[in-house]
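Comments concern the structure below.
The values are calculated or read from the model by the stated rules, or taken from the named source; none is laboratory data. These numbers come from a predicted model, not from an experiment. Every residue, glycine as well, gets a Cβ built from its backbone with ideal geometry; the counts of neighbours run over all protein chains shown. Note: areas computed on protein heavy atoms with side chains; ligands, DNA, RNA excluded. Shrake-Rupley method; radii C 1.70, N 1.55, O 1.52, S 1.80 Å.
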Amino acid sequence: MRTASYLARRLVYFVVSVLGVLVITFVVTRALPGNPVYLLAGPLTDQAKVDAAIRELGLDRPLPAQFVAYLGDLVHGDLGTSLRTSQSVVSDLGSRWPATAELALFAIVVAVGWALLVGTLAAVFPRSVFARAADFVGSLGVSVPEFWLATVVILVFFTSLDIAPPPIGRISGTPPGTITGFYTVDALLTADWTALRASLAQLLLPGLTLALTTGAPMMRTAREFMTGVLGSPYIRAGRALGIPPARLVVRHALPNALLPVTTMIATMFGYLLGGTVMVEFVFAWPGVGKYAVDSITASDYAPVMAVVVLSAMVYLLVYLVTDVFHLFVDPRSRT
Amino acid sequence: MRLRSLAGGVAVCAALALAACSADSDPPASATDSVLTVAVPDDIQTLDPMYANFARAHNALQQIYDTPVNLETQDRGNGQLVGTPDKLKGSAFESWERSADGLTYTVKIRQGMTFHDGSPVTAEDVVYSFDRALNTKGGANWLLTQIAFVTKPPVVVDASTITLTADKPSALAIQALYMDGLAILDQDEVKSHATTDDPWAEKWLAKNAGNGSGPYKLTSWTPDQEVVFEAFDGYWAGAPAIKKIVWKIVPSAAQRLALLRSGDVDIAESLPPDQLASLKGADGVTVLSAASQNVSIVGMNNGRAPLSDKALRQGISYAVDYDRILSQVYQGEAERLYGPIPKGAATSLGDTIGYKQDVEKAKQLVGGSGYDGATVKIAFDNSKQLHEQIAVLLKSQLDAVGVTTELEPLTSAVFSERKAKKDLDMYVDESLAWINDPDYILSLTFQCEVYGNYADYCNQTVDDAIAKGWAMEADDPVRVALFENAQRALVDDAPWLFLAQPNYRMAMSSAVQGFVVRQNEVPFYYDLSLKG
């Protein structure tokens, strides 16, 4: 019962937050200077034609009227048309969102994997060479800009060693038939092994770049909390009782250290799902991050709105799931 | 075959239809011969020819659609192939004849020409295309009504003849028709997508490649990723030599360069000067560098204080270190621009006019002007790195002669809007005239009250030359004198800083043959072939 009311409350928060984001984004995009029509009109025109285009787009109407019109379209699933691509925003996002989500999922899985493993081992063997190496990789991951790391990774693995495929986006060759929009999943579903290999190969470098930068803070958090837990009385008691070290770490220490790490994972995953502009730029990855930035440059309101609101929803959803997860794992959050 | 071991790279290579592996020795020559891979920086903005305003859209449309006329390729003798509007050849218009009063053109429509689906290009299709341009609000409308002075669609005389009538004579009427805005559309197809709200099918044509009659068909488009064109073997002038064009959309210039070096692409578009310089001596890579009529300028707001003061504008024109901009920003790959008409365009006075740096004279002029020390803002589009470099150099040079300046970086949309509203003091800009004629150039940028006159300039001598020039033949000595006078007047008024004519440059594999530098600087893949 208590769980149900908690969930209902969270759901209301969710809806209110999304509405808030809608209003703020709408006002901010419109209040900022820059009208998309001028850029797209070019020099071979006259003021009357420009004014007509502004009227046609409804950009001359008062802000509240524009907002109501936007909401009206929104409830019908119409996110507007991008002036920069001439396509509907729904179809634009339909091709870019899977690119971002696939890369984000790949990166987060790899990041969580290495962060937990390395973080735990470094906490268990605090004075080893391994722990020092983990320190170094951790500092590198949190301090190096993604843009720089991406460039170096390409320089080393593609340009110099030539063991990675060229940085030309999601796939070399023919993409698999579209089912989910995730190339790897679609390739599996259609048993297109060439496309599977090709899309996995393209995921590697950008995925590893992001896994290093997002995994580093996770690893440091995991290590820190693990060190704390390992020094706590109940672990010492367990050790005194003769519980084997491996079992002590995996069964007793890890679950308690993991909890704060899950919050970190949620934050990082939310960040990745918003599209990582610089990595997308360097790897020619056709994701939402670069799409959003290009749209902002062109003052193309509809796609900017859509990306911001979508990212906000994804963030809120990831947090919701994390909190619900905590509700079940952590008895303290149920009180 | 190089090792591409990550996740079975060898299979990746095979799956690529050999396009990305063309630098490797293994693939059979016949297959590599027919695929050209190009790294481009961005995606297509619109596929509606009448609304195309950015490089990639022009680039795609020029392959898909025929235009009434096209540029004849001329060999400059130094290995450079160029195409300029003063030498035209018929395309959909096989030939044309001008009436004695200069108003009516009797045009023979090329027979036997077909669209990509095999249906014939008819006189009605041509008329429909003009009609659509006249009834939509894009650039093609402007070309027809303001350059060719055509406001009524042509009339069909018989199956192979139409007449095109202008309201008043224009020396550039036919030249204006080589631009992709005047693409020949399949009227049946376009009409089938028209609705009552959208009678010219603008929504459909913006995102769909129509049934053109150009040398290539757009066969696949993955947004922000890849565009594929395949040869149209039924092209009226003969099947294209290269059977497939693949665009890889690679936003990072550094990666486009890396892909060209590794042989994964054959052409890398839009590389900045420093990266082109790094290709010097690179194996198997050619960097084409050709004189261009693209002008690099800084516009000054003639319509509001403080730059409405002519002496101040002249002073600023003397303050600029032009040589430093040529060497530092363009790394020497540019010529100096001295006036409004670039070298290479008819009547250009070249270096016989213009300003050279003279700091003393600059200080004198600034001091003697009505300038009160107000801050002058130098605006630039912050997505354009070279423009930022120019603004930075300019700032220090103007500060040195007593003009207080401030940099004003703006996003593309804000820059365009404020420029069009004449709400900038100084703006760093570029402009490439698609017709190399003084009347075209001046009417676009310096005619009083015209939309593209962002400097808000107005001078009766210039307007007179523009008005009288239209009816005269290009080589009429009276016309030449009119435009020479206009150039002198413009230099004296100094509405812009005339900086440079940066060379047109393109980095490509040495296998790419026959690249023609066209006036509009849009590559036409039909010209190209690949050496085995």
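Check the stretch B:449-460 and report whether any residue there is part of a strand (DSSP E or B), in contact (Cβ under 8 Å) with a residue 40 or more places away in the chain and open to solvent by less than 30 Å² (accessible area, probe 1.4 Å). Looking through the stretch B:449-460, none of the residues is part of a strand (DSSP E or B), in contact (Cβ under 8 Å) with a residue 40 or more places away in the chain and open to solvent by less than 30 Å² (accessible area, probe 1.4 Å).
Among the residues of the stretch A:35-51, just one is within 13 Å of residue B:454 (Cβ to Cβ), in a helix (DSSP H, G or I) and modelled with pLDDT under 90, namely A:41. The residues of the stretch A:95-105 that are out of contact with any strand residue (DSSP E or B) (no Cβ under 9 Å at 6 or more places or on another chain) and either open to solvent by less than 50 Å² (accessible area, probe 1.4 Å) or not in a helix (DSSP H, G or I) (or both), listed by number, are A:96, A:98, A:99, A:100, A:101, A:102, A:103, A:104.
The number of residues in the stretch A:21-49 being open to solvent by less than 30 Å² (accessible area, probe 1.4 Å) and more than 9 Å from every other protein chain (Cβ to nearest Cβ) comes to 4.
The listed residues are A:199, A:160, and the only one of them that is under 30 Å from residue B:35 (Cβ atoms), within 14 Å of another protein chain (Cβ to nearest Cβ), open to solvent by 50 Å² or more (accessible area, probe 1.4 Å) and small (Gly, Ala, Ser) turns out to be A:160. If the condition is being part of a loop (DSSP other than H, G, I, E, B), more than 27 Å from residue B:277 (Cα to Cα) and open to solvent by 70 Å² or more (accessible area, probe 1.4 Å), then the stretch B:330-355 contributes no residue at all.
Would it be correct to say that residue A:268 is assigned to a helix (DSSP H, G or I), closer than 15 Å to residue A:113 by Cα and open to solvent by 10 Å² or more (accessible area, probe 1.4 Å)? It is true that residue A:268 is assigned to a helix (DSSP H, G or I), closer than 15 Å to residue A:113 by Cα and open to solvent by 10 Å² or more (accessible area, probe 1.4 Å). Taking the criterion of being touching a helix residue (DSSP H, G or I) at 6+ places or on another chain (Cβ under 6 Å) and more than 14 Å from residue B:133 (Cβ to Cβ), the residues of the stretch B:160-185 that qualify are B:162, B:172. Kindly indicate whether residue B:111 is of a type in the set (S, T, N, Q) and either in contact (Cβ under 8 Å) with a residue 60 or more places away in the chain or under 23 Å from residue B:512 (Cβ atoms) (or both). Taking the combined requirement at face value, the residue does not satisfy it. Within the stretch B:200-231, the residues that satisfy the criterion of being free of Cβ contacts under 8 Å to residues at least 24 places away in the same chain and either open to solvent by 60 Å² or more (accessible area, probe 1.4 Å) or within 25 Å of residue A:98 (Cβ to Cβ) (or both) are B:203, B:219, B:220, B:222, B:226, B:228, B:230. From the list A:85, A:120, the one residue that fits, being of a type in the set (Val, Ile, Thr), open to solvent by less than 40 Å² (accessible area, probe 1.4 Å), modelled with pLDDT under 95 and part of a helix (DSSP H, G or I), is A:120. From the list A:307, A:282, pick out the single residue that is more than 10 Å from chain B (Cβ to nearest Cβ), open to solvent by less than 20 Å² (accessible area, probe 1.4 Å) and either within 12 Å of the chain's Cα centre (by Cα) or aliphatic (A, V, I, L, M) (or both). Exactly one residue qualifies, and that residue is A:307. Evaluate the following for residue B:441: is it part of a helix (DSSP H, G or I), touching a Ser or Thr at 6+ places or on another chain (Cβ under 9 Å) and either open to solvent by less than 10 Å² (accessible area, probe 1.4 Å) or over 18 Å from residue B:348 (Cα atoms) (or both)? So residue B:441 fails the test. Would you point out the residue of the stretch B:263-272, among those that are crowded, with 20+ Cβ neighbours inside 10 Å and either in contact with an Asp or Glu (Cβ under 6 Å, 6 or more places away or on another chain) or not acidic (Asp, Glu) (or both), that is modelled with the lowest pLDDT? Looking at the filtered set, the residue picked out is B:263.
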